[in-house]
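Asks: Here you go, one structure.
Throughout, read-outs are computed from the coordinates displayed, never taken from laboratory work. Nothing here was measured: the structure is a model prediction, and the numbers come from that model. Quick reminder, even Gly has a Cβ in these numbers, built from the backbone with ideal geometry, and neighbours come from all protein chains shown.
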Amino acid sequence: MTDMLEITDLSVSFPGSGGKIPAVRDVSLSLAHGECLAIVGESGCGKSVVAQSVMGLLPFGTEVLGRISYQGQDLLHLAERELESIRGQEIGMVFQSPERALNPVMKIGKQLVMPQVIHGLCSETDAKLRAEGVLRGLGLDAGRVMDAYPWMCSGGMCQRIVFAAVSLLHPNLVIADEPTKGLDAANVTDLEAMLSTVTAGNRTGLLLITHDMDVASRLSNRIAVMYCGMIVEEGETREVLTSPKHPYTRGLLGSLPKNGFVPIPGISPALTDLPEGCVFHPRCPHAGERCRTAVPDLKDGVRCHKC
């Protein structure tokens, strides 16, 4: 498998009243065709910002440094019109709140048909038939859904509809940003089944953004663990989950219900007041003097001095 997406030294800062707010720092990741990479971590760690950076959906005034290479093109240096031609047809996104990703005053059928026509995939008649077929394949009443508005559908239905919209364009890369958030167990199972079809055939890559380690364990080939805007551990999913090297990863796994719900001591620092040295050292049981003064490099898949 060759890499379709390469993120190199990505740093993202938002403007704030007291200066720049560092949301992502020196993130480097890669994703191959047919692979699922999960970025995991608690809320506010920067994982969704990475996804928004790839899609070019960051707010005006955001400072973005580094390189995001997709199929050899640096997405950070493309004009908006060039990005628009890539979004949807080549890179699709399943958003965190599916009902907000749909136009509330436009019928679902039109929202599924028009992108296919705009991207030149087929005629409007064929686009309608394709949309109905995909909806039926997802267990939905195609005729009723095509004629409905998003506000008439449940959260689980909206998630299926958004997935249908993405899959109809046959993108090379799918980004799923917290796709299971707010869903009940049955809908989570259904969504996992849908997402597992994305990488079938080794053509499409899946970048999964999630706080749910169980979902990541079932869907991903590799996991990257984020804390305070930085990747602290990255590796094969099985290895990271069974033999975690970074103390934050160990704490994250220990806090799962099946592992006793043991909380990590302390709280995550504000992005406006990050500690010097290793960002995890105030909460780390193994922290030494070097951890308090020097930022560790990401070496052999882990960012720490001796943990």
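Asks: Who wins for biggest fluctuation among V232, V94, V145 in a Gaussian network model of the chain, springs between alpha carbons below 10 Å?
Replies: Of V232, V94, V145, the Gaussian network model singles out V145 as fluctuating most.
Asks: Is any residue of the stretch 1-29 close enough, with backbone N under 14 Å, to a label point placed 7 angstrom from the Cα of Q71 along the Cα-Cβ axis, and if so, which?
Replies: Counting backbone N atoms under 14 Å from the label point, the list is 3-6.
Asks: Taking a ≥ b ≥ c as the square roots of the eigenvalues of the Cα gyration tensor of the stretch 153-307, is the shape rounded (a/c under 1.5), prolate (a/b larger than b/c) or oblate?
Replies: Prolate.
Asks: Cut-off 20 Å, label point 7 angstrom out along Cα-to-Cβ of F14: give me the residues of the stretch 219-243 whose amide nitrogen falls inside.
Replies: 226-231
Asks: Just how large is the dipole of the chain about the Cα centre, in debye to the nearest 20, putting +1 at every Lys and Arg Cβ and -1 at every Asp and Glu Cβ?
Replies: Computed about the Cα centre, the dipole is about 400 debye.
Asks: Can you tally the net charge around V54? Count Lys and Arg as +1, Asp and Glu as -1, for every other residue whose Cβ sits under 13 Å from the Cβ of V54.
Replies: Neighbour charge sum, excluding V54 itself: -1.
Asks: May I pose another question? Residues with amide H under 5 Å of M230's amide H, sequence separation 5 or more or different chain, H placed in the peptide plane at 1.01 Å from N; which?
Replies: Under 5 Å from the amide H of M230 lie the amide H atoms of R25, each far enough along the sequence or on another chain.
Asks: Using R₀ = 30 Å, calculate the FRET efficiency as 1/(1 + (r/R₀)^6) where r is the Cβ-Cβ separation of L274 and R218; round to 0.05.
Replies: Between L274 and R218 the formula returns 0.40.
Asks: Quick check: the angle from helix 124-137's long axis to the longest principal axis of the chain, C-alpha only, nearest 10 degrees?
Replies: 60
Asks: For the chain, which span is the longest to avoid every loop-located (per DSSP) member of GluC sites (Glu not before Pro) having at most 16 other Cβ atoms inside 10 Å?
Replies: 43-275
Asks: For the pair S243 and E192, what calculated FRET efficiency results from E = 1/(1 + (r/R0)^6), where r is the Cβ-Cβ distance and R0 = 25 Å, to the nearest 0.05?
Replies: 0.55
Asks: Using the Cα centre of the stretch 177-307 as the reference point, and only Cβ charges (+1 on K/R, -1 on D/E), how large is the resulting charge dipole? Debye, rounded to the nearest 20.
Replies: Its charge dipole is roughly 420 debye.
Asks: May I ask you to compute the full-extension gain from S97 to H170, defined as 0.36 nm times their residue separation minus their alpha-carbon distance, rounded to one decimal in nm?
Replies: Length gained between S97 and H170: 24.1 nm.
Asks: What residue among R67, R81, R290 shows peak mean-square fluctuation when the chain is described by a Gaussian network model with Cα springs under 10 Å?
Replies: Maximum among the listed residues: R81.
Asks: Report the net charge of residues surrounding P179, where surrounding means a beta-carbon distance below 10 angstrom and charges are Lys +1, Arg +1, Asp -1, Glu -1.
Replies: Charge balance near P179 sits at -3.
Asks: Which chymotrypsin sites (Phe, Trp or Tyr not before Pro) in the stretch 210-307 sit in a loop by DSSP (not H, G, I, E or B) and have at most 10 other Cβ atoms within 10 Å of their own Cβ?
Replies: Sparse-neighbourhood loop chymotrypsin sites (Phe, Trp or Tyr not before Pro): F261.
Asks: Given that just one value was derived from the coordinates, which of (i) 33; (ii) 64; (iii) 25 is percent of Cα pairs over 31 Å apart?
Replies: After the calculation, the listed value that fits is (i).
Asks: I would also like to ask the following. In whole Å, how far is the Cα centre of the stretch 1-47 from that of the stretch 135-149?
Replies: After rounding, the separation between the Cα centres reads 35 Å.
Asks: Using only the alpha carbons of the stretch 1-120, determine the length spanned along each of the three principal axes and report them from longest to shortest in whole angstroms.
Replies: That works out to 44, 40, 30 Å along the principal axes.
Asks: Show me the chymotrypsin sites (Phe, Trp or Tyr not before Pro) within the stretch 1-101 that DSSP assigns to loop and that have at most 13 other Cβ atoms within 10 Å of their Cβ.
Replies: F60
Asks: Find how much the distance from D147 to L57 grows on full extension, using 0.36 nm per residue of separation minus their present alpha carbon separation; answer in nm with one decimal.
Replies: Fully extending the segment from D147 to L57 adds 29.5 nm.
Asks: Is the stretch 104-231 rounded, prolate or oblate when judged by the Cα gyration tensor, a ≥ b ≥ c being the square roots of its eigenvalues, rounded requiring a/c under 1.5 and prolate requiring a/b larger than b/c?
Replies: Verdict is prolate for the stretch 104-231.
Asks: Could you check the simple spin-label distance between R292 and S43, using points 7 Å along Cα→Cβ, in nm with one decimal?
Replies: 3.2
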